[in-house]
2 protein chains.
Amino acid sequence: MLSQCEGSSLNFGVRWQKITIVGVGLLGGSIGLAVRKNRLARHVVGFVRREASIADCRQTGAVSHATLDIEEAVSGADLVVLCTPIGQMRSLAEQFVHVLKPGAVVTDVGSVKLPVVRQLEPLIANAGAHFVGSHPMAGSEKAGVHAARADLFNCAVCVITPTARSHKPAVRQLEQFWHAIGARTIKLDPAKHDALVGFSSHLPHVVAAALARRVLDPARPKEQALLCAEGFKDTTRVASSSPEMWSDIAVANKRNLARAIDMFIAELRAFRFALDREDARALTKFFDTAKSRRDAWCAARQTTTGR
Amino acid sequence: MLSQCEGSSLNFGVRWQKITIVGVGLLGGSIGLAVRKNRLARHVVGFVRREASIADCRQTGAVSHATLDIEEAVSGADLVVLCTPIGQMRSLAEQFVHVLKPGAVVTDVGSVKLPVVRQLEPLIANAGAHFVGSHPMAGSEKAGVHAARADLFNCAVCVITPTARSHKPAVRQLEQFWHAIGARTIKLDPAKHDALVGFSSHLPHVVAAALARRVLDPARPKEQALLCAEGFKDTTRVASSSPEMWSDIAVANKRNLARAIDMFIAELRAFRFALDREDARALTKFFDTAKSRRDAWCAARQTTTGR
């Protein structure tokens, strides 16, 4: 069951003494801004890798304190949110696990859940704390803390992926956290999450990238780029996302993504077949099914989120 | 060479006595609104098929007079703009060709040019008037005159497709017309236009439709639609366009579109191959090339159009 969209207009007041954000980019920065705006924690500490990022954090106000020291960052935190690329999460966790406050809740915002949960759940449990995965379905093709927004999670769906081993009060605390910064939550098994986002998010990223590569190939005639308009711009928007991040995600969700690509190619082949035969009825049906499914999805989304 | 973007802020004053728009939907209506706003013609007449459309025209102010009578609509016009689906253009032209004013300029706004030019150029020439094709690269997934906007063509690229037989003053008049409603023009051979838009516009429409169909297939798990977010929404936006119109376009540009789909599938297969081998370097390069090509395109577009 999906929780309701409460918006971030509710004032929740201080709930956490210290929240630590590990990696203060678009998502981490937006969490920091939302937590601070809603006064959800006394201290909002950010761990960053580079000296320059400390100044960025200060400038944007995403955290109340930024540090290059992972132990200082995590020590005493009630809630730790990992917002780095998924490939870095394990080694970072290994660096801070010994300073974790007993009973602390640790989560992440990675786009793939099964490998992250498998690695972090036992590691954090051994330290007497609780790991539960999260995936807020919000973002932007822009990266970095300067693109962060306090309202990024407003009415966004955030998937929480508890397992049979999850500590129930930690799961509830995590749900409250996401609600408090405006998100709607849904609980899904990590494997099921990965299968679903393979289609809804990872496939569109690959498709958009393939389209941008193919159409804007320098080998195409010089007028090609001039004939790309708004439709092309929107269809390829997510192709401007971070290449490193999406390479990581693709590998981490390899099997589900491969399956989604295969089914998508089959869909294109069906269209291609109807086109070869100039089967106007089949072609109209193809576009019509697409339109009616998307319009119904947009209408349902509009009703619940207002956008 | 592409003309500059002048915007529609210039006041051109009355240049045409009568401009006729055949089919007053999104594009026709937007042309009407822009012509009237810029006072480019004394009379802006719209031909529509249904009685109800006359009321819509009155309500939106897209034309100064709307009629169900094609002869009345076209008679005495200096400029006739065909804004119907491409499949209807020939039969409509056959109905009005005998009332065309000698020397009148006739154009269309169809998304495919070679079949339209081949059909209409000789037909209009026989009546002592001049046909030259146009394709303004602007639109919306929304249809109908209620979605029309006077600024739809502001800084949009409009392709004009003269042939060796085109009357040069008619081509110049058509360029001036598009400039006067804010567009930038580029002249291309009709066949070359069709090859280019097969990639830049028609392929993205098929891809977006295939994505919406595949991901929102009712056979997918019930949580699938909830996990579709902003990226999915933008990538599939053009899948909400008119199914009949896009089926027509696909058939009319069959060979170019088929070639674009084949090359696009090859692109996906290359990605799929790198994914199978977990070749992180190849995957990163795939996403990186896409991002750099798209970012460069966006930057160039921003410079010339401000959007």
Within the stretch B:213-234, work out how many residues are surrounded by 21 or more Cβ atoms within 10 Å (Cβ to Cβ) and closer than 26 Å to A:SER3 by Cβ. 7
Six or more apart or on different chains, Cβ under 7 Å: which pairs go from a residue in the stretch A:288-299 that's at the interface with chain B (Cβ under 7 Å from one of its Cβ atoms) and over 16 Å from B:SER242 (Cβ atoms) to one that's at pLDDT 95 or above and in a helix (DSSP H, G or I)? Could you list them? A:TRP297/B:ALA225
Some residue of the stretch A:157-169 being surrounded by 24 or more Cβ atoms within 10 Å (Cβ to Cβ) and farther than 15 Å from A:THR185 by Cα: no
Tell me yes or no: at least one residue of the stretch B:228-244 is at the interface with chain A (Cβ under 8 Å from one of its Cβ atoms) and of a type in the set (Lys, Arg). yes
Answer yes or no as to whether B:ALA180 is farther than 17 Å from A:GLY231 by Cα, more than 8 Å from chain A (Cβ to nearest Cβ), of a type outside the set (Ser, Thr, Tyr) and surrounded by fewer than 24 Cβ atoms within 10 Å (Cβ to Cβ). yes
Answer yes or no: is there a residue in the stretch B:226-241 that is in a helix (DSSP H, G or I), of a type in the set (Lys, Arg), over 30 Å from A:ILE160 (Cβ atoms) and without any contact (Cβ under 8 Å) to a residue 12 or more places away in the chain. no
A:GLU244 more than 20 Å from B:TRP246 (Cα to Cα) and in contact with a strand residue (DSSP E or B) (Cβ under 8 Å, 6 or more places away or on another chain): no
Filter pass, B:ASP295 being assigned to a helix (DSSP H, G or I) and either among the acidic types (Asp, Glu) or at pLDDT below 95 (or both): yes
Out of A:GLY128, A:GLY110, sole residue that is touching a residue at least 12 places away in the same chain (Cβ under 8 Å), more than 14 Å from chain B (Cβ to nearest Cβ), more than 15 Å from the chain's Cα centre (by Cα) and in a loop (DSSP other than H, G, I, E, B): A:GLY128
Looking only at residues in the stretch A:144-155 that are surrounded by 22 or more Cβ atoms within 10 Å (Cβ to Cβ) and part of a loop (DSSP other than H, G, I, E, B), which one is farthest from the other protein chains (Cβ to nearest Cβ)? A:ALA148
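Within the stretch A:31-40, is even one residue more than 19 Å from A:VAL145 (Cβ to Cβ) and either modelled with pLDDT of 95 or more or in the same structural domain as A:ALA183 (by TED's automatic domain parsing) (or both)?
yes
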Could you say whether any residue in the stretch B:184-193 is surrounded by fewer than 22 Cβ atoms within 10 Å (Cβ to Cβ), at the interface with chain A (Cβ under 9 Å from one of its Cβ atoms) and of a type in the set (Val, Ile, Thr)? yes
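If the requirement is being surrounded by fewer than 18 Cβ atoms within 10 Å (Cβ to Cβ), at positive phi and at pLDDT 95 or above, which of these qualifies: A:GLY61, A:GLY23?
A:GLY61
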Please tell me if A:THR284 is within 7 Å of chain B (Cβ to nearest Cβ), over 13 Å from B:LEU211 (Cα atoms) and assigned to a helix (DSSP H, G or I). yes
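Taking the conditions exactly as written (within 18 Å of A:VAL197 (Cα to Cα) and either surrounded by 22 or more Cβ atoms within 10 Å (Cβ to Cβ) or more than 19 Å from the chain's Cα centre (by Cα) (or both)), does A:VAL99 satisfy them or not?
no
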For the stretch A:232-245, enumerate the residues that are modelled with pLDDT under 95 and out of contact with any Asp or Glu (no Cβ under 8 Å at 6 or more places or on another chain). A:SER242, A:GLU244, A:MET245
Do we find a residue being more than 8 Å from chain A (Cβ to nearest Cβ), in contact (Cβ under 8 Å) with a residue 60 or more places away in the chain and not in a helix (DSSP H, G or I) anywhere in the stretch B:264-279? no
Take B:ALA127 and tell me if it is buried (at least 20 other Cβ atoms within 10 Å of the Cβ), of a type outside the set (S, T, N, Q) and either in contact with a Ser or Thr (Cβ under 8 Å, 6 or more places away or on another chain) or at pLDDT 95 or above (or both). no
Filter the stretch B:148-179 down to the residues that are among the aliphatic types (A, V, I, L, M) and either modelled with pLDDT under 95 or within 14 Å of the chain's Cα centre (by Cα) (or both) and list them by number. B:ALA148, B:LEU152, B:ALA156, B:VAL157, B:VAL159, B:ILE160
Would you pick out the residues in the stretch A:195-219 that are more than 7 Å from chain B (Cβ to nearest Cβ) and either at pLDDT below 95 or more than 23 Å from A:CYS158 (Cα to Cα) (or both)? A:ASP217, A:PRO218, A:ALA219
Just one of (1) charged (D, E, K, R); (2) buried (at least 17 other Cβ atoms within 10 Å of the Cβ); (3) farther than 17 Å from B:GLY231 by Cα trips up A:GLU141, so point out which. (3)
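The values are calculated or read from the model by the stated rules, or taken from the named source; none is laboratory data. Owing to the predicted nature of the structure, the values given are computational and were not obtained by experimental measurement. Ideal geometry is used to build each Cβ from the backbone, glycine not excepted, and the neighbour counts take in all protein chains shown.
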